[in-house]
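The values are calculated or read from the model by the stated rules, or taken from the named source; none is laboratory data. Please read these numbers as outputs of a predicted model, since none were measured by experiment. Quick reminder, even Gly has a Cβ in these numbers, built from the backbone with ideal geometry, and neighbours come from all protein chains shown.
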Amino acid sequence: MNTIFRKSVLSVAGLAFAGGVFAGPIAAHANPVDAKPAAVAVQTSAPKPQGDQSHIDLNGEQTANVKAIIAATKKAGLPERAAVISIATSLQESKLENLGHLGDRNDHDSLGLFQQRPSSGWGTPEQITDPEYSTTAFLKGLKQVDRWQDMPLTDAAQTVQVSAYPDAYAQWEQQATDLVGQHWNS
């Protein structure tokens, strides 16, 4: 259990206990018909996006790539959070465009949605430019990261990608979350 979550749970439990100690004698004399159960909110979803958020409008190809990432995530049996991390990573690496060789503008031999490199063992150029294959390769790396589900998105993505710009993934979390919410069940 991560430290922030543990402290939050302990704080809520402490407040509930203290409230019971002080309010217990008063509540014992209350009319039970008027009593209403108290609601306690506990955060169970992913953390809020970190920092300033970026957004781009997507064309048909980019939307198809979002759907391909989601399909590969479902096929791998992973939850929506894995799709959010994958889409945010692809937004940063390629703006969800399945990039081929970019000539002089290319960063080494990086290709595809995730800018994976054949020379780094991600697969052949043909494999890396296949959205299902490249997503599955990314997810395979993500599954090897201990407690990736509980990490900030940028840390999980960076652990897989090993980017020169490790904090850049965070800016896409809100758009990736929105895209997964929009397309997960479609």
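A few notes on this one:
- Test result for L113, closer than 16 Å to Q175 by Cβ, of a type outside the set (D, E) and at pLDDT 95 or above: yes
- Flag if R105 is modelled with pLDDT under 95 and within 18 Å of P166 (Cβ to Cβ): no
- Here Q62 clears all of (1) in a helix (DSSP H, G or I); (2) closer than 19 Å to V145 by Cα except the condition numbered (2).
Quick grid of which residues meet (1) of a type outside the set (F, W, Y); (2) surrounded by 14 or more Cβ atoms within 10 Å (Cβ to Cβ):
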{"position": "W122", "(1), (2)": "no, yes"}
{"position": "I128", "(1), (2)": "yes, yes"}
{"position": "Q161", "(1), (2)": "yes, yes"}
{"position": "Y165", "(1), (2)": "no, no"}
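- Residues located in segment 150-172, provided they are at negative phi and either in a loop (DSSP other than H, G, I, E, B) or free of Cβ contacts under 8 Å to residues at least 12 places away in the same chain (or both): M151, P152, D155, Q158, S163, A164, Y165, P166, D167
- Of the residues making up segment 155-177, those that are out of contact with any helix residue (DSSP H, G or I) (no Cβ under 8 Å at 6 or more places or on another chain) and modelled with pLDDT of 95 or more number 2.
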